Amino acid sequence: EAQVTQNPRYLITVTGKKLTVTCSQNMNHEYMSWYRQDPGLGLRQIYYSMNVEVTDKGDVPEGYKVSRKEKRNFPLILESPSPNQTSLYFCASSLRARFGTPSYEQYFGPGTRLTVT
Amino acid sequence: GENVEQHPSTLSVQEGDSAVIKCTYSDSASNYFPWYKQELGKRPQLIIDIRSNVGEKKDQRIAVTLNKTAKHFSLHITETQPEDSAVYFCAASLDYKLSFGAGTTVTVRA
């Protein structure tokens, strides 16, 4: 089954304790992206990757790191989480990288609800 | 960067009536405008999109219009049904980045 998976789905952690949220897709998609969703703010793009070893900042990259060593995986790393990073995180992928070109539809993962105390 | 504003934030309609959600964007270079639907507890899903070289697109009960000069685009849902109740997000994109509006919670009253 074609899908985007994220782990963990729920995580409660403490300030400063490094964590990684994994994202994996089995559709051979070029493009992968991370978003955070907060009430009243919609979805905001954190980082995106156009292909292996190619990543760039979205609108809210501060406090986050990413890597794209393999095409299927795009982990989100919080080196020193803070309470303002409490949010619902979505990973997404699309076959092609550039929006507006064919096969650009993004498929979202199920989401990871992160609470930082 | 791109700034997308979405109105209204909540919308309540009688079943069978139409619903309209409006968005504006700031970067005239943006060229792709998708709309996503998110049901409670679920992930966002693309319902319709439009590219900057098209003024209008329709898919059954859903239509999107784009006014490039005014930098605004709208989602129209006709003959609303209870399953249309959800949060709807507009977005604007330039190349590889995607910026979303804050969302509209649509409630369809039976």
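Between B and A, roughly 2000 Å² of accessible area is buried in total, ligands, DNA and RNA not counted and the probe set to 1.4 Å. Could you check which residue among A:42, A:58, A:16 shows the biggest mean-square fluctuation in a GNM of chain A with a 10 Å Cα cutoff? Looking only at A:42, A:58, A:16, the largest GNM fluctuation is found for A:42. In this structure the protein assembly as shown gives 48 Å² per residue of accessible area when probed at 1.4 Å with all protein chains present.
Taking all protein chains together, A:41, A:95 sort by accessible area into A:41, A:95, largest first [probe 1.4 Å]. Partner shielding of A:41-47 amounts to 6, given as the average count of beta-carbon atoms from other chains within 10 Å of each residue beta-carbon.
Peptide B:94-105 is shielded by partner chain Cβ atoms: per residue, an average of 6 of them sit within 10 Å of its Cβ. Among the trypsin sites (Lys or Arg not before Pro) within segment A:28-117, those in coil by DSSP and having at most 12 neighbouring Cβ atoms inside 10 Å are A:69. For segment A:1-83, GluC sites (Glu not before Pro) are listed when DSSP marks them as loop and at most 12 other Cβ atoms sit within 10 Å of their Cβ; the list is A:1, A:53, A:62, A:70, A:79.
Restricting the calculation to Cα atoms, chain A shows an Rg/Rh of 0.95 when the hydrodynamic-style radius is the Kirkwood one. For chain B, the equivalent ellipsoid derived from the Cα gyration tensor has semi-axes of 23, 14, 12 Å, listed largest first. About its Cα centre, chain A has a charge dipole of approximately 200 debye under the convention of +1 per Lys or Arg Cβ and -1 per Asp or Glu Cβ, with nothing else charged.
Given R0 = 45 Å, the distance between the Cβ atoms of residue B:95 and residue A:15 translates into a calculated FRET efficiency of 0.80. With both partners inside chain B, how many of the DSSP beta bridges are antiparallel, as a percent to the nearest 5? Approximately 90 percent, going by the DSSP bridge assignments. Contact order for chain B, expressed relative to its length and based on alpha carbon pairs under 8 Å spaced 6+ residues apart, stands at 37 percent. Note on the protein assembly as shown: Cα Rg divided by 2.2 N^0.38 Å, N the number of residues, gives 1.01.
The alpha carbon centroids of segment B:1-72 and segment B:82-99 are separated by 7 Å. Let's test the formula: R0 of 45 Å, r as the Cβ-Cβ distance of residue A:62 and residue B:12. What FRET efficiency results, to the nearest 0.05? The formula returns an efficiency of 0.75 here. Only protein heavy atoms count here; under a 1.4 Å probe, residue B:105 has an accessible surface of about 60 Å². Packing here is the average count of other Cβ atoms within 10 Å per residue, and on that basis the peptides A:2-12, B:67-77, B:85-95, highest first, run B:85-95, B:67-77, A:2-12.
Rounded to the nearest 5, the antiparallel percentage of DSSP beta bridges internal to chain A is 90%.
The fraction of accessible area contributed by carbon and sulfur in chain B is 46 percent, rounded to a whole number (1.4 Å probe; ligands and nucleic acids excluded).
The values are calculated or read from the model by the stated rules, or taken from the named source; none is laboratory data. Predicted model, so just to flag it, every value in this text is computed and none were measured. Positions of Cβ are backbone-derived with ideal geometry, glycine not excepted, and every protein chain shown enters the neighbour counts. Ligands, DNA and RNA are stripped out before the accessible areas are found, and what is left, the full protein with its side chains, is counted by its heavy atoms. Shrake-Rupley method; radii C 1.70, N 1.55, O 1.52, S 1.80 Å.
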